[in-house]
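Colleague: I'd like to ask some things about the structure below.
What follows draws every value from the coordinates through simple rules; no lab data is involved. Predicted, not measured: the structure shown is a model, and the values here were computed from it. Counting neighbours? That spans all protein chains shown, and the Cβs are built from the backbone with ideal geometry, glycine included.
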Protein chains: 2
Amino acid sequence: MVGSTTGVSIEAVAGGVTAPAGFTSSALHCGIKAKSGALDLAVIAADATCPAAALFTVNLAQAAPVTLSKQHLEKTGGRARAVVVNSGCANACTGVEGYTHASRMAADTAAALGCQPQDVLVSSTGVIGVMLPIDKVSAGIRTAGAALARGKGSETARAIMTTDPFPKEHAVVVRTARGPFTIGGTAKGSGMIEPNMATMLGFLTTDAEVPPALLRKALQESAADTFNAITVDGECSTNDSLFLLASGASGVAIDDDSYPALLEGLLAVSRELAIGIVRGGEGATKLIAVNVSNARTRAEARQVARTIANSPLVKTAVHGADPNWGRIVAAAGRSGVRFDVDRATVHVGGVLLFENGLPHDDAAPEAAEHLQGQSVQIDVNLGSGGGATATIWTCDLSAEYVRINGEYRT
Amino acid sequence: MVGSTTGVSIEAVAGGVTAPAGFTSSALHCGIKAKSGALDLAVIAADATCPAAALFTVNLAQAAPVTLSKQHLEKTGGRARAVVVNSGCANACTGVEGYTHASRMAADTAAALGCQPQDVLVSSTGVIGVMLPIDKVSAGIRTAGAALARGKGSETARAIMTTDPFPKEHAVVVRTARGPFTIGGTAKGSGMIEPNMATMLGFLTTDAEVPPALLRKALQESAADTFNAITVDGECSTNDSLFLLASGASGVAIDDDSYPALLEGLLAVSRELAIGIVRGGEGATKLIAVNVSNARTRAEARQVARTIANSPLVKTAVHGADPNWGRIVAAAGRSGVRFDVDRATVHVGGVLLFENGLPHDDAAPEAAEHLQGQSVQIDVNLGSGGGATATIWTCDLSAEYVRINGEYRT
């Protein structure tokens, strides 16, 4: 992949979340997941406390680790040494005891690393309303803290999984006139996936040197078009969190001039991870990109794209490889955005299916063929003359989604 | 069933949409549906032109029959002689030709009845973007117009079905101090079911004598708590319409004093039909009543109830008989309504599962037992002290929903 910012090139590299210099990680089975050996705990650590930014779920029901991580970032003014994360238990709706458990995870990690508890961010994913087996978690953190190393990105990516069918990690090196820096990350889904910042857990690292305020801005801007532009089922979880730590170990300093290079690199890593979450959505067999163009505003373009992307009828039609453009038009029509249906067009896989208020059903077989593939493209031009565009990625809705979620706890 | 309005009693009677005096109907197979003999056309007629009210989809993409019926009601100032309805083809996204077809359905029905085309309301349901076989429909209308009779409510209820697993009809006699009158109706679902006025097709009749303005008010008020309080999949169709015709044949006049009796009767019929739509929702195996109480306003109570009712994770959990209150709390938390999660409570089947921010998991087996049944009750008290309540009915989400909607056109 080659970046478009002048003089900047972006290239994928191995290593995931520990690809950037100045980061180590560690992952193990501490005993939250019943299955023996299933990784369920990870620590991602910077060599020293460094600038950190985060985005959290907008759900009113916030898990204890979300509350605690917010408090820690406020206390430190946007700095952190490490993130400790467990899977298999969300530590959400767990009251005062749950908050104590999250605090203990931070304290144990801090003890292992020799930093302050407030320098540790905490993250959990899994079943809601169940208490953490905190003694097992504590023991696990001690072991993990002693085993931190480079090159454990893949294990870390696996340790944060719940119903994810595959691990998600990505890293790029960004070459700029000031020198190269690296961005890496890992993320997990795969149900309860919907913007805003109701994505999942995501952990990003970079060895660029970035002041906290600029780091926050870069995270917000890159997430808007990646982690906040995906939806699996329209749900917004109690735990969703996205973290970005900047070690500065590359020696490449980011200021307003070099900011576009940082943003571009973050977009590249985040897009790959976000699309990976959708591809690995519960029961997903197809990735669907819903592109809405010619809207009056970007917000309206997003609203239409999101309504189509969350439509169960569109998602089931795609699952069945049915080029049912009528459901796409109907979803756009109920999105709350005003537009003239007679001026709108719908393409599926580049095939025109609806124009001037009328179907092009002769083209349906060609569109159906496109829908047999694993990557589906839906383009809706609203004809509003505004020129605003937006893309939302989603997946199809399958019987497997129902099976997974009907049987999750049983 | 006994009404609560003083001096009024309400009793279920047979006859469906032609139970009220002054109405006849007729249904047949005209050839829209491929299956030989499958009913796909119906006419519901008053003996003479009478007050009529209607509610239509809020989707921007409105089917031709919706556009036409709106125009007719405007022209007549809220009067009609008949409704002609077909299933198997929505006549939506069909452009000028589709509008011409809808007009021809009205004209043919008017010719058969000896009234003006503007006295006929038109309704269609089925696949979007397909042209009606209008010559077959015309021939069918002529035959149907000559066969109008009382006692054909059940056939009419079957003729409007698409993927509905069973027909839905209901009628009640309302006994008041001024004498008895009757209200009847039929409705169909069963996908693309979501408020507002994105319910389905519904046809209501009464032999009460009701001025057009009062009829409109009664339809709006009764639909708000019935047809507009259900959701199957959060979708809002291009065709959804609800009609109410008042023949006056009972001789019982409705004015402001007797209005509560009319409203109560309409609520009784509409609730039965609306719940029938949910019970017969695509792939549904369970009816779910989501009751939200102690909200600050009725609108907020509805918003929370609707978010829970449309949550795929809640619906799949109910399908799997999993008392996963965490998903209920998470859905309420992302509804956009502010409340204190620690003050909220969640009951499933009357069993307390969540209180003071903590689970009552000891009660989970009892709640799981309730979820094995076909009628599920979810009660969420927001603890906001406002006292406002709302109920939304929905159904579970099953693999069968996916199968139906993935294969609908194939």
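Colleague: Return the FRET efficiency for the residue pair residue A:100, residue A:149: r is the Cβ-Cβ distance, R0 is 45 Å, and the value is rounded to the nearest 0.05.
Modeller: 0.90
Colleague: How charged is the neighbourhood of residue B:349? Take every other residue with its Cβ under 12 Å from the Cβ of residue B:349, and add Lys/Arg as +1 and Asp/Glu as -1.
Modeller: Taking every Cβ under 12 Å from that of residue B:349, the sum is -2.
Colleague: Let me ask you something else. Can you give the convex hull volume of the alpha carbon atoms of the protein assembly as shown per residue, in Å³?
Modeller: Numbers: hull volume 121.8 nm³, N = 820.
Once divided by residue count, the hull of the protein assembly as shown is 149 Å³.
Colleague: Separate question: I need the inter-copy label distances for residue A:355: point set 7 Å along Cα to C-beta, values in nm with one decimal, smallest first.
Modeller: Counterpart label points of residue A:355 in the remaining copies fall at 6.4 nm.
Colleague: Shifting gears a bit: A 26 angstrom limit on the alpha carbon distance is what I want to check against. Which of B:35/B:70; B:33/B:188; A:168/A:217; B:217/B:315 exceed it?
Modeller: The answer is B:35/B:70; B:217/B:315.
Colleague: Would you mind calculating the relative contact order of the stretch B:9-279 from Cα pairs under 8 angstrom and at least 6 residues apart, reporting the percent as a whole number?
Modeller: 26
Colleague: Next question, about the same structure. Report the Stokes-Einstein translational diffusion coefficient (µm² s⁻¹, integer) for the stretch A:126-183, Rh taken as the Kirkwood radius over Cα pairs, at 10 °C with viscosity 1.306 mPa s. Provide the component values of the computation, followed by the final result.
Modeller: Values: Rh = 14.7 Å.
Rounded, D is 108 µm²/s.
Colleague: Shifting gears a bit: DSSP loop (so not H, G, I, E, B), at most 14 other Cβ within 10 Å: list which trypsin sites (Lys or Arg not before Pro) in the stretch B:91-167 pass both filters. Don't skip to the answer; put the middle values down first.
Modeller: Values: sites: B:104, B:136, B:142, B:150, B:152, B:158; in loops: B:150, B:152.
In loop regions of the stretch B:91-167 (DSSP not H, G, I, E or B), the sparsely surrounded trypsin sites (Lys or Arg not before Pro) are B:150.
Colleague: Cα centroids of the stretch B:13-37 and the stretch B:315-353: how far apart, whole angstrom?
Modeller: Cα centres, the stretch B:13-37 to the stretch B:315-353: 42 Å.
Colleague: Follow-up. Could you list B:162, B:231 so that the one with the fewest beta carbons within 10 Å of its beta carbon is first and the one with the most is last? Walk me through the numbers before you get to the answer.
Modeller: Numbers: B:162 22, B:231 27.
Listing B:162, B:231 from fewest to most nearby Cβ atoms yields B:162, B:231.
Colleague: Give me B:233, B:379 ranked fewest to most by other Cβ atoms within 10 Å of their Cβ, as a rough exposure proxy. Please list the in-between numbers first.
Modeller: Working: B:233 26, B:379 21.
Least crowded to most crowded, the residues run B:379, B:233.
Colleague: Place a +1 charge on the Cβ of each Lys and Arg in the stretch B:133-264 and a -1 charge on the Cβ of each Asp and Glu, then give the dipole magnitude about the Cα centre in debye, rounded to the nearest 20.
Modeller: I would put it at about 580 debye.
Colleague: Calculate the spin-label point distance for residue B:352 paired with residue A:48, positioning each point 7 Å from the Cα along the beta-carbon direction, and give it in nanometres.
Modeller: Result: 5.4 nm between the two label points.
Colleague: Let me ask something else about it. For a quick check, take a GNM of chain A with Cα springs below 10 Å and name the residue from A:164, A:362, A:47 with the largest mean-square fluctuation.
Modeller: Result for chain A, Cα springs under 10 Å: A:362 fluctuates most.
Colleague: Could you give the dipole magnitude of the stretch A:23-83 about its Cα centre, charging the beta-carbon of Lys and Arg +1 and that of Asp and Glu -1, in debye to the nearest 20? Mind dumping the intermediate values first?
Modeller: Numbers: 6 positive and 3 negative charges, 14 e Å.
With only Lys, Arg, Asp and Glu charged at Cβ, the dipole is about 60 debye.
Colleague: Counting only DSSP beta bridges with both residues in the stretch A:9-279, what percent are antiparallel, rounded to the nearest 5? Can you show the working numbers first?
Modeller: Numbers: 39 of 54 bridges.
For the stretch A:9-279, the DSSP antiparallel bridge percentage is about 70.
Colleague: I need the per residue convex hull volume for the stretch A:233-327, using only the alpha carbons, in cubic angstrom as a whole number.
Modeller: Taking the convex hull of the Cα positions in the stretch A:233-327, it is 157 Å³ per residue.
Colleague: On to the next question. Sorting A:206, A:345, B:125, A:163 on the 10 Å Cβ count, fewest up front, what's the list? List each step's numbers first, then the result.
Modeller: Working: A:206 36, A:345 19, B:125 29, A:163 16.
Neighbour counts put them in this order, fewest first: A:163, A:345, B:125, A:206.
Colleague: Can you tell me the dipole magnitude for the protein assembly as shown around its Cα centre, using point charges on the Cβ only (Lys, Arg +1; Asp, Glu -1), in Debye to the nearest 20?
Modeller: Here the protein assembly as shown has a charge dipole of around 140 debye.
Colleague: Moving on to the next point. Residue of A with Cβ nearest the axis relating A to B, plus distance in whole Å?
Modeller: Spelled out as residue then distance in Å, it is A:399, 2.
Colleague: Label position 7 Å from Cα toward Cβ: report the copy-to-copy distances for residue B:336 in nm, one decimal, ordered from shortest.
Modeller: The projected label point of residue B:336 is separated from its counterparts by 0.3 nm.
Colleague: When the helices in chain B are scored as -39500 (n - 2.57) per DSSP H run of 4 or longer and the sum is shared across all residues, what 222 nm value do you end up with, to the nearest 500 deg cm²/dmol?
Modeller: About -10000 deg cm²/dmol.
Colleague: What's the long-distance tail for the stretch B:77-122, i.e. % of Cα pairs beyond 14 Å?
Modeller: 49
Colleague: Distance between the C-alpha centers of the stretch B:364-383 and the stretch A:230-285? Whole Å please.
Modeller: 38
Colleague: Kindly work out what percent of the DSSP beta bridges joining two residues of the protein assembly as shown are antiparallel, to the nearest 5.
Modeller: Details: 110 of 158 bridges.
The antiparallel proportion sits near 70 percent.
Colleague: Apply the Debye scattering formula to chain A, with a single equal point scatterer on each alpha-carbon and no solvent, then give log10 I(q)/I(0) at q = 0.10 Å⁻¹.
Modeller: For the requested q values the scattering log ratios are -0.66.
Colleague: To the nearest Å, what is the center-to-center distance of the stretch A:39-69 and the stretch A:89-143, using C-alpha atoms only?
Modeller: 11
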